[in-house]
Amino acid sequence: MRSLNIAILDEELPFPLTSGKRIRTFNLLTRLAARHKVTVLCHRNPDRDEAFDAEDAFRAAGIDTVVVDRAVPSKSGPGFYVRLAGNLISPLPYSVATHTSPALSEAVRTFANENAVDVWHCEWTPYAQVLRDAIGSQLGSARWSVMAHNVESLIWRRYTETADNPLKRWYIREQLRKFERFERWAYSNATATIAVSREDARLMRSDFGATRVKVVENGVDVDYFRPQRDVARDPAQMLFMGSLDWRPNQDAATLLLNELLPAVRAQAPQATAVLVGRRPPDWLRAMVAATPGAELHADVPDVRPFLARCGFLTVPLRIGGGSRLKILEALATGTPVVSTRVGAEGLELAPDRDLIVADTREEMVKTTLDAIRRPEQLQDTAECGRRQVLARYSWDLLAKRLDGVWDAVAQQPALVGA
């Protein structure tokens with residue numbers, strides 16, 4: 001396969017590696033930059049120090065960057081609700097509209113005029129709109145791929161199932177309708193759409209009419225995440241990991257703190273819950289502080305010590321799509337996993353063999369108590385899961401798969417009229 005000129009459109013430079021999306025993007029791009037000329041065009045990371053570190057990391061990996069400034073819209077306060085109301089008259093979903101910017105569109109347009117791009121790669125579905133804004137009528141002759149970390153409309157559909165406020169549920173349904181229309185356009189017009197699981201790929205084909213779907217799963221650095229056999233586990237310590245500024249994780253953390261942990265501690269008073277993640281909102285910090293047996297560690301540089309000490313990873317997700325990198329990281333270290341079915345979906349792992357899966361709140365409480373009381377049996381599932389992760393989910397293997405997708409995209413005839 002020949003070396004290609006790849007232009008990546010993304011939200012920001014994915015560094016440091018503090019979220020599942022950043023981990024995936026960084027690991028794949030740094031591996032593929034050894035073969036291709038890769039340029040990332042994106043908005044500047046909001047944190048100044050983080051922005052400098054990110055540019056240094058990408059420079060060291062041999063990846064060029066075109067970074068533009070933008071004012072990051074706040075997700076709280078009166079202005080946030082004004083923007084939500086204003087989005088009612090937009091044909092685009094709120095998270096698509098707020099991720100476009102004139103500065104990034106102009107940077108993409110300039111880059112297109114000055115470079116012979118073999119493949120445009122939208123590293124998150126909303127950035128397909130940036131590409132459409134930037135090159136307009138040329139989009140039909142471009143070869144481009146879109147990376148769907150989640151089928152976003154699936155997440156919004158699940159929001160409607162958990163929203164208890166009628167006005168909020170109505171607004172979410174409006175966003176769902178917009179996302180379904182937007183994803184139908186993006187998945188159908190991209191030269192290739194990339195899903196992270198076979199389940200997502202099937203949904204893209206059946207619900208959105210996508211015919212050019214490839215699967216490149218999420219993965220794990222199996223050299224970095226290894227078992228620490230010399231560290232003693234606390235069987236009663238539950239670990240919750242994830243980006244705490246992401247609504248599905250906030251919903252899961254709330255369920256853990258308000259319902260699961262109190263119910264478990266009623267029968268196993270020694271049970272504790274450790275929450276580890278980036279950017280927790282103030283209300284979540286307060287909730288953890290008010291919950292007996294709970295503690296929070298925000299923005300930690302290394303999650304491996306927490307994986308080594310806990311009894312098991314708990315994944316009480318009710319909302320979500322794609323697949324969970326945190327489950328792969330846990331199993332790579334030999335850490336057992338107790339998850340809802342939604343939390344474990346998208347992964348080629350067998351319930352009761354590689355991890356423990358429960359559906360309802362009552363089942364989660366029961367399986368959690370069983371996990372605390374029978375740690376040796378639980379550890380057996382972790383060892384099976386680790387073997388599966390080593391065989392299927394290494395980043396080296398997945399980078400080769402994405403490499404093949406890009407090569408196929410570069411050779412495809414353009415979809416004139418897209």
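For the stretch 320-331, indicate whether the set of residues that are assigned to a loop (DSSP other than H, G, I, E, B), in the same structural domain as Cys384 (by TED's automatic domain parsing) and surrounded by fewer than 23 Cβ atoms within 10 Å (Cβ to Cβ) is non-empty. There is no residue in the stretch 320-331 that is assigned to a loop (DSSP other than H, G, I, E, B), in the same structural domain as Cys384 (by TED's automatic domain parsing) and surrounded by fewer than 23 Cβ atoms within 10 Å (Cβ to Cβ). Of the residues making up the stretch 366-416, those that are surrounded by fewer than 20 Cβ atoms within 10 Å (Cβ to Cβ), more than 30 Å from Leu29 (Cα to Cα) and not polar (S, T, N, Q) are Lys366, Leu369, Asp370, Arg373, Arg374, Pro375, Glu376, Asp380.
Residue pairs whose Cβ atoms lie under 7 Å apart, separated by 6 or more positions or on different chains, with the first residue in the stretch 358-371 and assigned by TED's automatic domain parsing to the domain that holds Leu257 and the second hydroxyl-bearing (Ser, Thr, Tyr) and not in a helix (DSSP H, G or I), are Ala358/Thr340; Asp359/Thr340; Met364/Thr340; Thr368/Thr314. Selection of the stretch 292-318 for residues being part of a loop (DSSP other than H, G, I, E, B), touching a residue at least 60 places away in the same chain (Cβ under 8 Å) and not hydrophobic (A, V, I, L, M, F, W, C) yields Asp299, Pro301, Gly311, Pro316, Arg318. Contact annotation: residue pairs with Cβ atoms under 9 Å, 6 or more positions apart or on different chains, pairing a residue in the stretch 1-29 that is modelled with pLDDT under 90 with a partner that is among the basic types (Lys, Arg) and buried (at least 21 other Cβ atoms within 10 Å of the Cβ), are Gly20/Arg324; Gly20/Lys326. Within the stretch 276-291, residues that are of a type in the set (Ser, Thr, Tyr) reach partners that are surrounded by 14 or more Cβ atoms within 10 Å (Cβ to Cβ) and not in a loop (DSSP other than H, G, I, E, B) with beta carbons closer than 6 Å, at six or more positions or on different chains, in the pairs Thr291/Leu257. Taking the conditions (1) outside the structural domain of Trp120 (by TED's automatic domain parsing); (2) buried (at least 20 other Cβ atoms within 10 Å of the Cβ); (3) outside any helix (DSSP H, G or I) in turn, Leu260 satisfies each one other than (3). Checking each residue in the stretch 391-413 for being modelled with pLDDT under 95 and either within 18 Å of Arg2 (Cβ to Cβ) or out of contact with any Gly (no Cβ under 7 Å at 6 or more places or on another chain) (or both) picks out Ala391, Arg392, Asp396, Leu397, Gln411, Gln412, Pro413. Residues in the stretch 204-256 that are surrounded by fewer than 21 Cβ atoms within 10 Å (Cβ to Cβ), part of a helix (DSSP H, G or I) and assigned by TED's automatic domain parsing to the domain that holds Val338 were compared, and the one that is modelled with the lowest pLDDT is Arg247.
If you filter the stretch 332-365 down to residues that are over 22 Å from Gly20 (Cα atoms) and crowded, with 19+ Cβ neighbours inside 10 Å, you find that the one that is farthest from the chain's Cα centre (by Cα) is Val365.
Screening Arg24, Arg35, Arg31 for residues that are surrounded by 22 or more Cβ atoms within 10 Å (Cβ to Cβ), charged (D, E, K, R), under 15 Å from Ile8 (Cβ atoms) and in contact with a helix residue (DSSP H, G or I) (Cβ under 9 Å, 6 or more places away or on another chain) leaves exactly one candidate, Arg24. In this structure, is Phe58 among the aromatic types (Phe, Trp, Tyr), assigned to a helix (DSSP H, G or I) and buried (at least 22 other Cβ atoms within 10 Å of the Cβ)? Considered against the rule, which asks whether it is among the aromatic types (Phe, Trp, Tyr), assigned to a helix (DSSP H, G or I) and buried (at least 22 other Cβ atoms within 10 Å of the Cβ), Phe58 comes out as yes.
Number of residues in the stretch 391-414 that are touching a strand residue (DSSP E or B) at 6+ places or on another chain (Cβ under 9 Å) and either closer than 24 Å to Met238 by Cα or in a loop (DSSP other than H, G, I, E, B) (or both) equals 2. For the stretch 336-381, residues that are out of contact with any Leu (no Cβ under 8 Å at 6 or more places or on another chain) and in a strand (DSSP E or B) total 3.
The values are calculated or read from the model by the stated rules, or taken from the named source; none is laboratory data. None of these values were measured; they are calculated from a predicted model. As a convention, Cβ positions derive from the backbone with ideal geometry for all residues, glycine included, and neighbour counts pool all protein chains shown.
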